[in-house]
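Data first, discussion second: the structure below is written as structure tokens.
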Amino acid sequence: MDTIFALATARGRSGVSIVRLSGPKAFEAAHQLTKREIPVRKPVLAEVVDAAGELVDQALVLGFAEGGSFTGEAVIEFQLHGSPAIIAAVLGLLGDIDGLRLAEPGEFTRRAMQNGCLDLAQVEGLADLIDAETEAQRRQAVKVFSGALGEKAEAWRKDLIRAAALLEATIDFADEDVPVDVSPEVQDLTGGVRQELDKTAEGVGAAERIRDGFEIAIVGPPNIGKSTLLNMLAGREAAITSSVAGTTRDIIEVRMDLRGLPVTFLDTAGLRDTDDEVEGIGISRAVARAETADLRVFLLDGSECDVALAKQADDIVVQGKSDQSGAGVSGLTGDGVPELLDRAYAVLESRAAGAGLAIRERHRVALVKASVALSACDEELRFGMDRAEIAAEELRTAVRALESMIGRVDVESVLDEIFASFCLGK
């Protein structure tokens with residue numbers, strides 16, 4: 001097996017940069033660069049030298065033994081001064097050592113999974129943790145990275161294996177004088193698991209919104225202050241504002257952190273009947289995007305919009321340009337904006353509360369597949385123990401679905417896509 005290496009911190013100038021090695025030659029390579037033995041889990045201040053013995057940098061070197069590292073392999077970390085020239089020199093020296101090569105994107109994490117240090121769900125949680133921009137995203141990612149979903153899946157798997165064992169015993173000893181009606185216990189086990197599977201699958205939608213972000217569309221008639229409100233929320237001139245009706249044609253997006261929740265506010269074209277072809281296209285796009293948004297904020301002037309857009313239960317309706325009307329919200333002065341954000345946060349936070357441990361569509365598909373198989377198993381048992389073999393096969397289908405969710409089987413098709421999103425040093 002090759003020993004891999006890569007820069008594990010961001011490129012560019014910094015106070016400290018870390019170069020990581022993983023594999024059987026990690027400690028040998030560290031000795032070659034420092035001319036000293038590196039102990040396990042005891043930081044050492046060492047001089048890194050080139051082939052001619054010239055000093056490249058002073059580094060804090062930390063070693064991890066096989067079985068006690070992130071990847072499960074022998075690992076060395078060089079904590080160097082964050083100079084691009086130093087990093088380039090050290091990477092060059094490592095590349096000249098036989099048996100060492102630059103890591104591919106995500107290869108450290110992939111090795112951790114292959115060596116049993118992480119399951120696939122934890123890998124996905126780690127990817128989300130690295131990309132987390134808000135507190136809600138961080139909390140969700142940490143929960144999955146900690147292995148909570150894998151632990152839950154393992155508990156379900158044990159119950160299903162117990163149920164399968166009961167059925168297999170009935171099949172194997174069909175001619176013996178043993179109790180054969182195990183269906184009540186089997187159905188009790190499968191029923192409990194199926195209920196949890198269905199509940200967990202229902203939370204995937206909310207979890208995906210936390211990871212990808214909620215969308216809030218600001219809609220209403222022309223010249224009601226939508227773009228001005230967006231600029232107020234963004235803290236910059238994100239959208240062009242003018243007194244000319246129909247100025248906004250394209251949808252303007254501003255991403256922000258709403259008290260820990262990732263939210264994208266959308267400024268849309270003013271809703272009205274128009275003979276202008278280009279403005280009409282903008283209005284059509286505004287309506288389509290608003291209909292798919294998680295929440296709509298209707299800015300009104302006391303009259304109804306000319307273009308129909310159905311309001312949904314949680315949508316917020318408020319008077320625009322309160323600086324002129326004395327009520328509602330104003331992007332110009334900021335009046336009513338805190339209250340508007342309070343209302344929007346309350347709606348989205350209640351939806352986010354429904355998020356569970358499963359955070360991806362892949363998880364939901366596996367959970368649903370397992371639940372469907374358990375339902376089929378229960379249906380077979382209703383015909384009596386003569387159908388026990390078919391029921392047992394349905395149980396095995398459910399177990400395989402859960403195992404695919406955490407990366408034990410049938411995951412090769414998704415591995416490359418997942419690991420490609422990681423940086424070289426992860």
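The values are calculated or read from the model by the stated rules, or taken from the named source; none is laboratory data. Nothing here was measured: the structure is a model prediction, and the numbers come from that model. Backbone-built Cβ (ideal geometry, glycine too); neighbour counts: all protein chains shown. The accessibility values were calculated without ligands, DNA or RNA, using every heavy atom of the protein model including side chains. Shrake-Rupley method; radii C 1.70, N 1.55, O 1.52, S 1.80 Å.
See the values below:
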| quantity | calculated |
| --- | --- |
| Some residue of the stretch 2-12 being open to solvent by 20 Å² or more (accessible area, probe 1.4 Å), part of a loop (DSSP other than H, G, I, E, B), hydroxyl-bearing (Ser, Thr, Tyr) and at pLDDT below 95 | yes |
| Only listed residue being farther than 21 Å from VAL347 by Cβ, modelled with pLDDT under 80, open to solvent by 20 Å² or more (accessible area, probe 1.4 Å) and not basic (Lys, Arg), chosen from ALA327, ALA310 | ALA327 |
| Failed item in (1) touching a residue at least 40 places away in the same chain (Cβ under 8 Å); (2) open to solvent by 70 Å² or more (accessible area, probe 1.4 Å), with ALA344 passing the rest | (2) |
| For PRO221: the one exception among (1) at pLDDT 80 or above; (2) in contact with a helix residue (DSSP H, G or I) (Cβ under 7 Å, 6 or more places away or on another chain) | (2) |
| Check on ALA65, without any contact (Cβ under 8 Å) to a residue 40 or more places away in the chain and under 30 Å from GLU54 (Cα atoms) | yes |
| Checklist (1) more than 23 Å from VAL365 (Cα to Cα); (2) open to solvent by 50 Å² or more (accessible area, probe 1.4 Å) applied to ALA169, failing item | (2) |
| Residue list for the stretch 15-43, filter: of a type in the set (A, V, I, L, M, F, W, C) and either free of Cβ contacts under 8 Å to residues at least 24 places away in the same chain or closer than 18 Å to GLY67 by Cα (or both) | LEU21, ALA26, PHE27, ILE38, VAL40 |
| Set GLY334, GLY356: member being in a loop (DSSP other than H, G, I, E, B), within 23 Å of the chain's Cα centre (by Cα), farther than 15 Å from ARG194 by Cα and not acidic (Asp, Glu) | GLY356 |
| Residue that is nearest to ASP188 (Cα to Cα), among those in the stretch 347-381 that are of a type in the set (Asp, Glu) and open to solvent by less than 60 Å² (accessible area, probe 1.4 Å) | ASP378 |
| Qualifying residues in the stretch 390-407 (those that are out of contact with any helix residue (DSSP H, G or I) (no Cβ under 6 Å at 6 or more places or on another chain) and in contact (Cβ under 8 Å) with a residue 12 or more places away in the chain) - the one least open to solvent (accessible area, probe 1.4 Å) | GLU403 |
| Selection count, the stretch 190-232, where residues are within 17 Å of ARG296 (Cα to Cα), open to solvent by 20 Å² or more (accessible area, probe 1.4 Å) and within 24 Å of the chain's Cα centre (by Cα) | 2 |
| Pair list, Cβ < 6 Å and 6+ apart or interchain, from the stretch 206-232 residues that are in a loop (DSSP other than H, G, I, E, B) and of a type in the set (A, V, I, L, M, F, W, C) to residues that are open to solvent by 10 Å² or more (accessible area, probe 1.4 Å) and at pLDDT below 90 | ILE224/ASP301 |
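Here's the yes/no breakdown for (1) more than 23 Å from GLN137 (Cβ to Cβ); (2) modelled with pLDDT under 80; (3) part of a loop (DSSP other than H, G, I, E, B); (4) open to solvent by less than 20 Å² (accessible area, probe 1.4 Å):
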{"position": "THR248", "(1), (2), (3), (4)": "yes, yes, yes, no"}
{"position": "GLY270", "(1), (2), (3), (4)": "yes, yes, yes, yes"}
{"position": "GLU279", "(1), (2), (3), (4)": "yes, yes, no, yes"}
{"position": "GLY282", "(1), (2), (3), (4)": "yes, yes, no, yes"}
{"position": "ASP306", "(1), (2), (3), (4)": "yes, yes, yes, no"}
{"position": "VAL318", "(1), (2), (3), (4)": "yes, no, no, no"}
